[in-house]
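Here's the structure we're looking at; comments come further down.
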Amino acid sequence: MAIRPIDIARKLGISTTTLRKYEEFDLVPPVSRSSSGYRVYTNEHIAYFICVQEMMAGFDLSQIAKTLKEVMAKKTDIALWMANKAQADLQQEKKIFEKIISNLGCNDQLRKKHPIIKTNHKLLTINDVSRETGVPTTTIRYWDKVGLISSQRSTENNYRMFTSEHIKQILTIYALKLAFKAKRHKHFINLIKEELKEFGYNDRDRIIEMKIDIENYLNKVNRAQISSIAALYHLCVQVDMNHFENYI
């Protein structure tokens, strides 16, 4: 059954222009045209439009496009594993945050779960630091490159070397990154540099001040992602069964 764009737009509370943008971003299956050139939408398209709308709470359009590309290819399990990866990444952010709070002495319970890092002042490799903090080596290298931290260089092989002070710096930077993400700032580096001028790397009081905002942010994203994945799962079931409801 062909459905008019205006009817779909009214149902979803969006404009027909937004529908066309979703189509341009390949968020829905290809749309055929009538003999007079008008778009011909079906219940299958509506199912995708609804999924996109619901997934936007927990994912950006780029993530949604990559995921729905697999759904359109009938690779629904791959799509669901992609969504699962996003949840795993968020869980890793939560673990890093717990280390931040623990190592800055902000939470006794977390300190037992994530003991304060002790390195006996020895030099550490980037892999050591990544293992201790949970922050990927690629991220640490980038922060070093842009001047957020300043590693030493080994005289033997010129590899980056770090101290226990760098661990505190990296955890503090990650806390700031999460705080700015919570406020929906996309370009963190300059903001972090400015923030560090105000309080430095080891301001425990500032971290405590950010703690509630970051916790609320992580909880909010977790709920949004779970809701989004539920919508994705519903679409995947419809695709697997090749059965789309009569939405209009």
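Just so it is clear, none of the values below were taken in a lab; they were calculated from the coordinates. All of these numbers come straight from a predicted model, not from anything done at the bench. We place every Cβ from the backbone using ideal geometry, glycine too, and count neighbours over all the protein chains shown.
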Q | Relative contact order (%) - criterion: Cα under 8 Å, at least six apart; region: the range 1-101 | A | 22
Q: Would you mind working out the magnitude of the charge dipole of the range 87-222 relative to its Cα centre, with +1 at each Lys and Arg C-beta and -1 at each Asp and Glu C-beta, to the nearest 20 Debye?
A: 240
Q: Please report the relative contact order for the chain, taking Cα pairs under 8 Å with a sequence separation of at least 6, and give it as a percent rounded to a whole number.
A: 25
Q: Work out the FRET efficiency for Y233 and D128 from their Cβ-Cβ distance, taking R0 = 41 Å, and round it to the nearest 0.05.
A: 0.55
Q) Setting aside same-chain residues fewer than 8 positions from K197, which lysines have a Cα under 17 Å from its Cα? A) K168, K177
Q: Past 30 Å, Cα to Cα, is the threshold; run K21/K145; K66/K193; K74/K211; K69/K181; K11/K181 against it and keep the listed order.
A: K21/K145; K66/K193; K74/K211; K11/K181
Q: With no solvent and one equal point scatterer per Cα, compute the Debye intensity ratio I(q)/I(0) for the range 87-222 at 0.15, 0.19 Å⁻¹ and report its log10, rounded to two decimals.
A: -0.72, -1.16
**Q.** Structure-derived Cα extents along the principal axes in Å: which label, when the choices are (1) 72, 40, 39; (2) 74, 39, 33; (3) 49, 43, 38
**A.** (2)
**Q.** Excluding exposed DSSP-loop trypsin sites (Lys or Arg not before Pro) (at most 11 other C-beta within 10 Å), longest clean stretch of the chain
**A.** 1-117
Q. Using a Gaussian network model of the chain with C-alpha springs under 10 Å, which one of E209, E98, E44 is most mobile by mean-square fluctuation?
A. E209
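Under the definition of Cα pairs under 8 Å and six or more residues apart, what whole-number percent is the relative contact order of the range 87-222?
Answer for the range 87-222 is 26 percent.
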**Q.** Segment K186-W81, length gained on full extension (0.36 nm per residue, minus Cα span)
**A.** 35.2 nm
Q. If you line up the long axis of helix 43-55 against the longest principal axis of the chain, both from Cα atoms, how many degrees apart are they, to the nearest 10?
A. 20
Q) With point charges of +1 on the Cβ of Lys and Arg and -1 on the Cβ of Asp and Glu, referenced to the Cα centre of the chain, which listed residue (Q169, H234, S35) lies farthest in the positive direction of the dipole? A) Q169
